[in-house]
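Structure record follows, encoded as C-alpha cells.
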Amino acid sequence: MSFDLILFGGTGDLTWRKLMPALFQAFRHGKLPAGGRILAVARDERSDDEYRAFIKERFTEVEESKRPSDEAYAAFAQMLHYRRMDLAKPEHYAGLKDWIATPGAVAGRAEGERAGTVVLFLATSPHLFPVICEQLGAAGLNTPEVRVVLEKPLGHDLASAQQINRVVASAFKEEQALRIDHYLGKPAVQNLMALRFGNALFEPLWRRESIANIQITLAESIGVGTRGDFYDQTGALRDMIQNHALQLLTMIAMEPPSSNDADAIRDEKLKVLKSLRPFTPESVARDVVRGQYRAGSFDGKAVKGYLDELKVPPSSRCETFVALRTEVQNWRWAGVPFYLRTGKRLAARDAQIVVNFRPVPHPIFPGSSGAGRANKLVIKLQPEDGLELHLLAAKGSGGNELLSPVSLDLDFDRAFASERVGGYERLLLDAIAGRLNLFVRSDEQEQAWRWVEPILDAWAADPTGPRPYAPGSWGPAAASALVARDGCAWAEEQ
Ligand code: BG6
C-alpha cells in the first residue's frame, strides 16, 4: 500500500542518525512499499534539494556499512521532501493536510492518488507531543488511514505519561498510536518469541521448576557523550529499565498468547508487568543498586567521569548504572529472581538475556555440579545477535572423565544472511504496514511507570546518592553482592 511518512523533528538527531539510515536500508532491500513519500518537517526554511543534501552529508557520520553510494542515495532521495512548520500554528497543519491530499506525481502511484497509509512519526522532544497531537486532531489529520508514532521517552513519571496518553487519545484511537521501543524491533527479540512459541522444546522447561534465575543485561561501553542535558534529566532507570529492560522481561516471562495478534500479545505482557513485585522504600534499599561512573581509563585512554561530562551539573546525583532484583509473582515464576542491569561506560557493549537453569538434582559425574556447571541459555542482542545453549559434555577421552562445558551456538546472521533487518527498519516497516505487535500499548507503558515510580521516590528521599564505579568495570561492587546474596553470579563472573 502506498504511504506518506511524515517525520516531525526532520533535522534532529534521531532522524538522521537512526530513521534515515533505516529507511535507506529498507529502500535498498526493496522492502519499502511502492508509491511512498517521506516528508521531513522542521522549523527552518529549506528546499527539498537542500534537505536531501543535508541528509546526504549526515550519512557520512553513520556506520560505514550503512552509507549509500552516490547513485543509491540519488534514487532514495527522490522520495525525500521537506516542509517548514511552526508546530504551534494551525495554518501549518492545514498546509500539511493539503500536501497529503494533493500529492501530484509520485513514482509508483497514479497521478494525484492519495497515499493508502499516512504515518506521522514524532521524532521531536516529547514536550511537543501534546501540542502536535492537539493540532493534528484539530486539523482533521487523524482519519483512519493515519497512524502516529511516538518515540520514547514518553513522560518522566506515571502522571506525565498519563497526561501524554490522554492528549494522544483525544486525537487518535489506541490502534492508531504506536509507541516505539526500538529494542522490540531487534531481531533477537523476534527470536525470543520464535524460540518460546514456535518450538515445543523449551516451553515445558520455562518455569520455576527448571529455571534458577534470569538475568537481563543492557551494558554500554560509551558514556553519555553530548547528551548530558537530556541524560541528566533522565538517568538509567528511566532511559533503559522502564522501557527496554522491562519489555524484554515481559517477553521472557509472558504466558503463551492465544494468537500472534497484537492485543493477544500485549494483554499477556501487561499481566507480567502487573505481576512484578512492587517496590517499597525498604526493598529499594535492599534490591536496587544505582551507580555513577567516575573518571578513569577506558581502552587505554583517559575518559571523563559523568560529573565532568558536557552539560552535566557538577553536583548531579543522576544514575548511569542500575542493577535490581525483582520477581514475577505468579504460579510460573514464584521465587525465581529476575535480575536487571544496565549502565554506561561499562566493560563492554553487551546486551543479553541469560536464563540459568537449575543444576541436575543428583550429580553422578564428577565435576557436573557446582558454580557455572548448570545449563544456561544465552540470548544475545548485542553486539551480535545469536543464541548459545551451554551444556556439559564428555570429551570422550576415556576413563572416569570430568565433564566439560560446551555450547551450541546459533549465529542468525550466518543462518539468514541478507534477509535480516535492523530494529528501526523493522519498526518503520511495521508502522507503514499497520502491524502493531511490536509497539507498546498505553496501559503497558503506564504500568511500567507505576512499577518504577517507588524506586524514583525512594532515591529522591535518600541522601546517599549513586555509588561510584570505574569506567570499564561492571558497575559498583554492590551489584555483584546483590546477586551473590541469592548464591548467584552475573554471567561474566560465572
Ligand atoms: C536509547 C537510550 O533508548 O537506547 C540510549 O536513550 C541508549 O541512552 C540506546 O544508548 C541504546 O540502544 P542500542 O540499540 O544502541 O542498544
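Structure summary
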| quantity | calculated |
| --- | --- |
| Hits in segment 18-33 (condition: open to solvent by 20 Å² or more (accessible area, probe 1.4 Å) and either under 19 Å from the mean Cα position of the chain (by Cα) or among the hydrophobic types (A, V, I, L, M, F, W, C) (or both)) | 18, 27, 32 |
| Out of 60, 11, 15, sole residue that is touching a residue at least 40 places away in the same chain (Cβ under 8 Å) and open to solvent by 10 Å² or more (accessible area, probe 1.4 Å) | 11 |
| Residues that are of a type outside the set (Ser, Thr, Tyr) and surrounded by 17 or more Cβ atoms within 10 Å (Cβ to Cβ), drawn from segment 63-86 | 68, 76, 77, 79, 80, 81, 83, 85 |
| Among (1) farther than 23 Å from residue 204 by Cα; (2) more than 17 Å from the chain's Cα centre (by Cα); (3) small (Gly, Ala, Ser), the one test that residue 245 misses | (2) |
| Residue in segment 91-109 that is more than 17 Å from residue 39 (Cβ to Cβ), at pLDDT below 95 and surrounded by fewer than 17 Cβ atoms within 10 Å (Cβ to Cβ) present | no |
| Segment 221-238 residues that are farther than 14 Å from residue 456 by Cβ, paired with ones that are within 10 Å of the ligand (Cβ to nearest atom) and open to solvent by 40 Å² or more (accessible area, probe 1.4 Å) (beta carbon under 7 Å, 6 or more apart) | 221/349 |
| Contacts under 8 angstrom Cβ, first residue in segment 166-178 being of a type in the set (Val, Ile, Thr), partner part of a helix (DSSP H, G or I), 6 or more apart | 167/129; 167/130; 167/133; 167/134; 168/129; 168/133; 168/442 |
| Conditions (1) open to solvent by less than 40 Å² (accessible area, probe 1.4 Å); (2) under 25 Å from residue 451 (Cβ atoms); (3) touching a residue at least 60 places away in the same chain (Cβ under 8 Å): number failed by residue 124 | (2) |
| Total residues in segment 45-67, condition of a type outside the set (S, T, N, Q), in a loop (DSSP other than H, G, I, E, B) and modelled with pLDDT of 95 or more | 2 |
| Any hit, segment 418-427, residues being in contact (Cβ under 8 Å) with a residue 24 or more places away in the chain, within 16 Å of the ligand (Cβ to nearest atom) and among the aliphatic types (A, V, I, L, M) | yes |
| Whichever residue in segment 185-213 is among the small types (Gly, Ala, Ser) and open to solvent by less than 30 Å² (accessible area, probe 1.4 Å) and, among such residues, is farthest from the ligand (Cβ to nearest atom) | 210 |
| One residue from 467, 426, 485, 435 being among the charged types (D, E, K, R), open to solvent by 20 Å² or more (accessible area, probe 1.4 Å) and in contact with a Pro (Cβ under 6 Å, 6 or more places away or on another chain) | 467 |
| Cβ pairs under 8 Å, 6+ apart, first in segment 274-285 and under 13 Å from residue 326 (Cα atoms) and at pLDDT 95 or above, second of a type in the set (A, V, I, L, M, F, W, C) and not in a helix (DSSP H, G or I) | 275/328; 275/333; 276/328; 277/328; 279/288 |
| Residue satisfying condition, being over 27 Å from residue 360 (Cα atoms), among the β-branched types (Val, Ile, Thr), within 16 Å of the ligand (Cβ to nearest atom) and surrounded by 15 or more Cβ atoms within 10 Å (Cβ to Cβ), within set 241, 216, 222 | 241 |
| Segment 149-161 - residue that is within 16 Å of the ligand (Cβ to nearest atom) and of a type outside the set (Lys, Arg) and, of those, surrounded by the most Cβ atoms within 10 Å (Cβ to Cβ) | 150 |
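One line per residue, one yes/no per condition, for (1) touching a Cys at 6+ places or on another chain (Cβ under 7 Å); (2) part of a helix (DSSP H, G or I); (3) open to solvent by less than 40 Å² (accessible area, probe 1.4 Å); (4) more than 15 Å from the ligand (Cβ to nearest atom):
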position	(1), (2), (3), (4)
120	no, no, yes, yes
132	no, yes, yes, yes
143	no, no, no, yes
147	no, no, yes, yes
163	no, yes, no, yes
166	no, yes, no, yes
169	no, yes, no, yes
183	no, yes, yes, no
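The values are calculated or read from the model by the stated rules, or taken from the named source; none is laboratory data. Fair warning: this is a prediction, and the values are worked out from it, not measured in the lab. Heads up, the Cβs are rebuilt from the backbone with ideal geometry, glycines too, and the neighbour counts pull from every protein chain shown. Heavy atoms of the whole protein, side chains included, go into the accessibility calculation; ligands, DNA and RNA do not. Shrake-Rupley method; radii C 1.70, N 1.55, O 1.52, S 1.80 Å.
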